[in-house]
1. At a 1.4 Å probe radius, which order do Arg223, Arg212, Arg67 fall into by accessible area, largest first?
2. Lys and Arg at +1, Asp and Glu at -1: add these up for the other residues within a Cβ distance under 15 Å of Ile20 and post the number.
3. Not counting ligands, DNA or RNA, and with a 1.4 Å probe, what is Asp203's accessible surface area in Å² rounded to the nearest 10?
4. If ligands, DNA and RNA are left out, what is the accessible area of Thr78 with a 1.4 Å probe, given in Å² to the nearest 10?
5. Given a Förster radius of 45 Å and the C-beta distance between Met1 and Ser36 as r, what FRET efficiency does 1/(1 + (r/R0)^6) yield to the nearest 0.05?
6. Sort His95, His191 by heavy-atom solvent-accessible area, probe 1.4 angstrom, most to least.
7. Give me the net charge of Asp88's neighbourhood, meaning all other residues with Cβ under 14 Å from the Cβ of Asp88; Lys, Arg count +1, Asp, Glu -1.
8. Considering only protein heavy atoms, with the full assembly of protein chains and a 1.4 angstrom probe, order Leu207, Leu92 by accessible area, largest first.
Amino acid sequence: MCIYGYVRVSTKKQKVERQIANIKKEYPNAAIIEESYTGTSMDRPKWNKLVKVLKPGDIVVFDEVSRMARNAQEGFETYLELYNKGIDLIFLKEHYVDTEVFRQTLNNKVALTGTEVDCILQGVNEYLMILAKKQIEIAFNTAAQEVEYLHMRVSEGIARRKAEGKPVGRAEGSIIETKKAKQAKQEIMKHSKDFNGSLNDLDCMKLIGISRNSFYKYKRQLRTALEQQEA
């Protein structure tokens with residue numbers, strides 16, 4: 001049995017770290033498959049390759065159901081195809097449509113009695129199957145609608161800012177700074193001998209607890225900011 005975590009983003013500007021962190025939290029040994037493609041393209045080479053190597057009993061974990069397919073119809077068809085092959089699918093944000101839940105629903109069929117009542121019981125069992133499949137369809141449809149709604153809100157926001165004469169997007173060369181990065185820069189300014197402190201680079205990195213790449217990136221940004229102030 002192999003456990004895979006499949007993560008996907010629609011554009012190369014988006015990041016997969018959140019999806020990976022969520023999967024690794026629940027399944028630390030999962031082999032992560034990363035994919036980046038646009039919503040208008042059906043070409044997902046890594047996903048297609050993964051599907052070919054999956055064996056009965058293997059598990060594929062998704063952060064959410066929308067990461068599995070491009071649209072609701074594709075998602076529902078793929079779900080049933082993999083389920084019928086014995087592949088377990090787990091959706092961290094929608095556990096109610098995990099294949100295990102679907103399997104339990106089908107296994108809870110009412111036993112036939114060999115009497116005239118079986119006609120009614122057969123109808124009940126068929127109804128349970130319809131309900132289970134409908135639940136899956138609803139999950140994929142809801143995910144698709146949420147993505148469409150988000151795109152609509154973004155487009156409306158851009159159009160509104162343009163109409164108001166406000167800038168759209170991030171200014172060229174500007175840096176989005178996280179709270180963690182801001183704190184690290186403050187510590188560098190305080191402790192690095194290149195600024196206001198007395199520590200060399202290695203000791204400063206150890207004290208602050210950041211990676212070498214981050215340390216030197218922040219130092220470059222600090223120097224640039226200081227040069228701009230002095231200009």
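1. Values: Arg223 100, Arg212 145, Arg67 35 Å².
Most to least solvent-accessible, the answer reads Arg212, Arg223, Arg67.
2. On the way: positive: Arg8, Lys15, Arg18, Lys24, Lys25, Lys46, Arg67, Lys93; negative: Glu17, Glu26, Glu34, Glu35, Asp63, Glu64.
Once all neighbours under 15 Å are counted, the net charge is +2.
3. Taking all protein chains as shown, Asp203 has close to 70 Å².
4. 20 Å²
5. On the way: r = 28 Å, r/R0 = 0.61.
That pair, Met1 with Ser36, gives E of 0.95.
6. Values: His95 90, His191 40 Å².
Per-residue accessible area, sorted high to low, gives His95, His191.
7. On the way: positive: Lys55, Lys85, Arg103; negative: Glu26, Asp58, Glu81, Asp98, Glu100.
Net charge around Asp88: -2.
8. Numbers: Leu207 100, Leu92 35 Å².
These residues rank, largest area first, as Leu207, Leu92.
The values are calculated or read from the model by the stated rules, or taken from the named source; none is laboratory data. Keep in mind that what you see is a predicted model, and the values were worked out from it rather than measured. Cβ sites come from the backbone with ideal geometry, for glycine too, and all protein chains shown count toward neighbours. Just so you know, the surface numbers come from the protein's heavy atoms only, side chains and all, with ligands and any DNA or RNA stripped out. Shrake-Rupley method; radii C 1.70, N 1.55, O 1.52, S 1.80 Å.
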